[in-house]
Amino acid sequence: YECPCALRDKSSEMDYSRIQHVMDSFKGHTKGMILSGGGDPLLHLDFPLILKSTREEYGFEEVVVLTNASELGKKEIYESLLQYATAIRISLNSVNPQQYAETFGVNRNKWHETLDNVRNLVDKKREQQSGLEIGLGTLTKRGSVDDIERFRDIGVELGVDWIQYRPIDRKSVV
């Protein structure tokens, strides 16, 4: 994935002990934590452990995960999200397979896989009566007004709780 907002350099990824140190420094000073980074936090090998520790070891009340959902289909990932995260924002950033492929630099079929992963998470949330809030995010730019309603329709069809529109630069006017 070549996420348009990611600045991920795999060599700069923190190991679990460093992440523990960071979370420890925030313990007692904030009620929540947002897990994002310069790429997709779901790609971190210790993601389920990191997510669990934010709640159980460090006591954060609110834990938000920002992701492109590339790993959301993995049972260990979605189960940890349902149990420990309070919200997830999935950066879909597109309204069709072609736009998705252009935005993320992946095969168009990934669009359908990502939507299926979101549907699955919504279904599991309902089955387990999880308090996880599920949101979709998209980038907006000059000329993308028509996509706003299409994106809303996708969110409604998937059953997400909320939608976020993000301008990609200060000159972007919707």
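Descriptive notes on the structure:
- Charge tally for ASN96 (other residues, Cβ to Cβ under 11 Å; Lys, Arg +1; Asp, Glu -1): 0.
- Of PHE104, PHE60, PHE26, the residue with the greatest mean-square motion in the GNM of the chain, using alpha carbon springs below 10 Å, is PHE26.
- Nonlocal amide H pairs with GLU62, under 5 Å, H built at 1.01 Å: GLY32, MET33
- Of ALA69, TYR16, TYR165, farthest towards positive along the dipole that unit charges on Lys, Arg, Asp, Glu beta carbons give the chain: TYR165
- Ranked by solvent-accessible area (1.4 Å probe, protein heavy atoms only, all chains present), the residues ILE77, ILE148 order from largest to smallest as ILE148, ILE77.
- Cα-centred dipole magnitude for the chain, charges only on beta-carbon of K, R (+1) and D, E (-1), debye, nearest 20: 360
- Computed over the chain, Kirkwood Rh from alpha-carbon pairs, angstrom: 16.8
- Cα-centre dipole for the stretch 35-92 with unit charges at Cβ (Lys and Arg positive, Asp and Glu negative), debye to 20: 160
- Rounded to the nearest 20, the size of the Cβ-charge dipole of the stretch 4-107 about its Cα centre is 120 debye, with Lys and Arg at +1 and Asp and Glu at -1.
- The chain: most fluctuating residue of LYS31, LYS125, LYS52 per GNM, C-alpha cutoff 10 Å: LYS31
- Most mobile of SER80, SER17, SER53 in a GNM of the chain (Cα contacts under 10 Å): SER17
- Solvent-accessible area per residue, Å², over the chain with all protein chains present [probe radius 1.4 Å]: 56
The values are calculated or read from the model by the stated rules, or taken from the named source; none is laboratory data. Worth saying up front: this structure is predicted, and the values here are computed from it rather than measured. No Cβ is skipped: glycine too gets one built from the backbone with ideal geometry, and neighbour counts run over all protein chains shown. Keep in mind that these areas ignore ligands, DNA and RNA; they rest on the heavy atoms of the full protein, side chains included. Shrake-Rupley method; radii C 1.70, N 1.55, O 1.52, S 1.80 Å.
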